[in-house]
Amino acid sequence: MNPQENSELLAALMRQEELLKQLVASINKPKLGLHSEAGSCKIYCNRHNGSLWYTLNNSEASAITQTALTGYLKELKFEKCERRGKEVYKLLITIQADRTYILESGHETHFAKSVLAAIATLTPQQLYSPITLQPTPGTTDESVLFCRVWVGSELVMASYNEQTEWREVSKQALAVTKAANETAF
């Protein structure tokens, strides 16, 4: 390439970078005006209240009728908390969409394992695009809930069994998510 072509290419790349910055800024802009979506929305992912997932309003379960959630995966983390008088560990999945959604699931549930196994197979670059989480009921056990993970229109196929090293799978899923969110635009 000659100096003129290098200069034109550099100028085009700088314009593209500026457009990407503007796009990210517009995505992260809060809603203005009146609305009912202040703060984050916590979603409980289990089949305890007659649905696949639900929210709580004043300790009252409210079923979510939508069958999937699409947004940007911002964080995966494990948290120790108390439920029904017992200390338990939960997987918290933060998704940025029209608002921030925090999905909570027991850390040893099939829902959590499905998400962790799928995310662990992805690259940080794949997480630059929105993902879709789709709760899926077990067919033989009424209490089991799985989660399908989609990147675009592609279902992420990730299997697991009793020999799966969950500590390693979890570390990989957390690392991929963190790497995807540390990249500056």
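The values are calculated or read from the model by the stated rules, or taken from the named source; none is laboratory data. Keep in mind that what you see is a predicted model, and the values were worked out from it rather than measured. No Cβ is skipped: glycine too gets one built from the backbone with ideal geometry, and neighbour counts run over all protein chains shown. With ligands, DNA and RNA removed, areas are computed over all heavy atoms of the protein, side chains included. Shrake-Rupley method; radii C 1.70, N 1.55, O 1.52, S 1.80 Å.
General remarks:
- For residue 122: the one exception among (1) assigned to a strand (DSSP E or B); (2) crowded, with 20+ Cβ neighbours inside 10 Å: (1)
- For first residues located in the stretch 82-103 and among the small types (Gly, Ala, Ser), partners that are open to solvent by less than 30 Å² (accessible area, probe 1.4 Å) and lie 6+ apart or on another chain with Cβ distances below 6 Å form the pairs 97/71.
- Condition check for residue 111: crowded, with 19+ Cβ neighbours inside 10 Å, touching a residue at least 24 places away in the same chain (Cβ under 8 Å) and not hydroxyl-bearing (Ser, Thr, Tyr): yes
- If you go through the stretch 109-125 and pick out every residue that is of a type in the set (A, V, I, L, M, F, W, C) and touching a Gly at 6+ places or on another chain (Cβ under 8 Å), you end up with 1.
- Checklist (1) surrounded by 15 or more Cβ atoms within 10 Å (Cβ to Cβ); (2) small (Gly, Ala, Ser); (3) at pLDDT below 80 applied to residue 38, failing item: (1)
- Restricting 62, 51, 40 to residues that are free of Cβ contacts under 8 Å to residues at least 12 places away in the same chain, hydroxyl-bearing (Ser, Thr, Tyr) and on the phi < 0 side of the Ramachandran plot narrows the list to 62.
- Among the residues making up the stretch 125-156, a single one is part of a strand (DSSP E or B), open to solvent by 30 Å² or more (accessible area, probe 1.4 Å) and within 17 Å of residue 49 (Cβ to Cβ): 137.
- Output for the stretch 167-185, where each listed residue is of a type in the set (A, V, I, L, M, F, W, C) and either modelled with pLDDT of 95 or more or surrounded by fewer than 14 Cβ atoms within 10 Å (Cβ to Cβ) (or both): 169, 173, 174, 175, 176, 179, 184, 185
- Selection count where residues are loosely packed, with under 11 Cβ neighbours inside 10 Å and part of a loop (DSSP other than H, G, I, E, B), scope the stretch 79-105: 2
Here's the yes/no breakdown for (1) of a type in the set (S, T, N, Q); (2) assigned to a strand (DSSP E or B):
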residue: 77; (1), (2): no, yes
residue: 114; (1), (2): yes, no
residue: 164; (1), (2): yes, no
residue: 170; (1), (2): yes, no
residue: 179; (1), (2): no, no
